[in-house]
Ligand SMILES: Cc1ncc(COP(=O)(O)O)c(C=O)c1O
């Protein structure tokens, strides 16, 4: 059988995955500081959550490529809570933000066209781009008392093939919110080079300061597509419901074209769409717990790292992750393997597009006792490997 080049992946298990698998198989303890699945982190979910799936209206099959109106209205209510008035015509439902990205890449790009993605950033983009025959180009974020876009670096990364810029707001893993001055710079670039802006706001509600401002309100003269969904907003990744908000010039044309893409798959199911309103309305119960958890874990991280002046925890404004700058005395892969041997599992920064040495990323989502034990192991290791 001949396979497509785009699926010509190296399927060999990498060293980190192998070491992790072996440790799990050996039954040895692991404090998991990569945890990102909220349903496995000991939060209390409403036991009645699944009742919303038994709405009798779901007995009828009403194929709507944009998603059922009642579900799109529920998404509008979410944005109204963020001070953005939207009409359901501008909302488009998908089964995940990954599917939303794929629809948008197909909407905006021909094979070989390029998308800029801020780096460090979410590693799944590489796969999403390859699957849609799109080239991903990294556009740099820089750190200087906080993360920010390197506007000149973004400009240099633009080529005649570029079609869109993707931002995560707040970013995974840097926890950086796009500031008004950055939005202005990006808008200028988008207008000058005729680019669309795709903004992933799955972590929007998880801010360490005030509420993050949504891009769903649009950005002066720029086609904007906001993607978000239940996986983080309601802590329900298993429910498979997400959305696209289209704003700005030509939004209606974009939505008509998206409709044809979605009509080809019709992947949303009816019970989840009828349940969307209840799950979005109930989001505060889980968001409150997650916010308290990530705050407590961030405080604990700082408390334990205070004894290690060589290690700095970078500024974080939102999201579920913290980035650590460690002495670059060994490749991070080796450090992560050595940490795993001691019983703590963290991500190397290169996983998110950082340099090969000197960066670790920890998730702040794990249960407090596990997190604290994991950080103690991490701190003890770093203390002896300066
Ligand atoms: C930035 C970002 N976007 C999207 C997702 C996943 O969303 P979904 O489950 O809707 O595909 C994640 C998951 O970690 C993420 O970090």
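The values are calculated or read from the model by the stated rules, or taken from the named source; none is laboratory data. Because the structure is a prediction, the values reported are computed rather than measured. With ideal geometry, Cβ positions are generated from the backbone for all residues, glycine too; neighbour counts draw on all protein chains shown.
Points to keep in mind about this one:
- Test: residue in region 90-101 that is modelled with pLDDT of 95 or more, out of contact with any helix residue (DSSP H, G or I) (no Cβ under 9 Å at 6 or more places or on another chain) and more than 16 Å from the ligand (Cβ to nearest atom): no
- Positions within region 138-171 being within 16 Å of the ligand (Cβ to nearest atom) and over 10 Å from residue 118 (Cα atoms), in sequence order: 147, 164, 169, 170
- Residue check, residue 246 more than 16 Å from the ligand (Cβ to nearest atom), closer than 18 Å to residue 94 by Cα, assigned by TED's automatic domain parsing to the domain that holds residue 74 and buried (at least 24 other Cβ atoms within 10 Å of the Cβ): yes
- Checked against (1) in a loop (DSSP other than H, G, I, E, B); (2) farther than 22 Å from residue 367 by Cα; (3) away from the ligand (no atom under 16 Å from the Cβ), residue 45 passes all but condition (2).
- Filtered residues of region 124-154 (kept if touching a helix residue (DSSP H, G or I) at 6+ places or on another chain (Cβ under 6 Å) and either loosely packed, with under 15 Cβ neighbours inside 10 Å or not in a helix (DSSP H, G or I) (or both)): 132, 134, 136, 137, 139, 140, 149
- Subset tally (residues that are assigned to a strand (DSSP E or B), within 11 Å of the ligand (Cβ to nearest atom) and in contact with a helix residue (DSSP H, G or I) (Cβ under 6 Å, 6 or more places away or on another chain)) for region 207-232: 2
- Residue in region 111-123 that is at pLDDT 95 or above, within 27 Å of residue 211 (Cβ to Cβ) and either more than 19 Å from the chain's Cα centre (by Cα) or assigned by TED's automatic domain parsing to the domain that holds residue 322 (or both) present: no
- Qualifying position, being away from the ligand (no atom under 13 Å from the Cβ), under 29 Å from residue 76 (Cα atoms) and in contact with a strand residue (DSSP E or B) (Cβ under 8 Å, 6 or more places away or on another chain), among 108, 204: 108
- Any hit, region 366-381, residues being touching a residue at least 24 places away in the same chain (Cβ under 8 Å), surrounded by fewer than 16 Cβ atoms within 10 Å (Cβ to Cβ) and not in a helix (DSSP H, G or I): no
- Residue match in region 165-176 (condition: outside any loop (DSSP other than H, G, I, E, B), more than 14 Å from the chain's Cα centre (by Cα) and at pLDDT 95 or above): yes
- Members of region 253-268 found to be more than 16 Å from the ligand (Cβ to nearest atom) and touching a residue at least 24 places away in the same chain (Cβ under 8 Å), listed by number: 254, 255, 257, 258, 259, 260, 261, 263, 266
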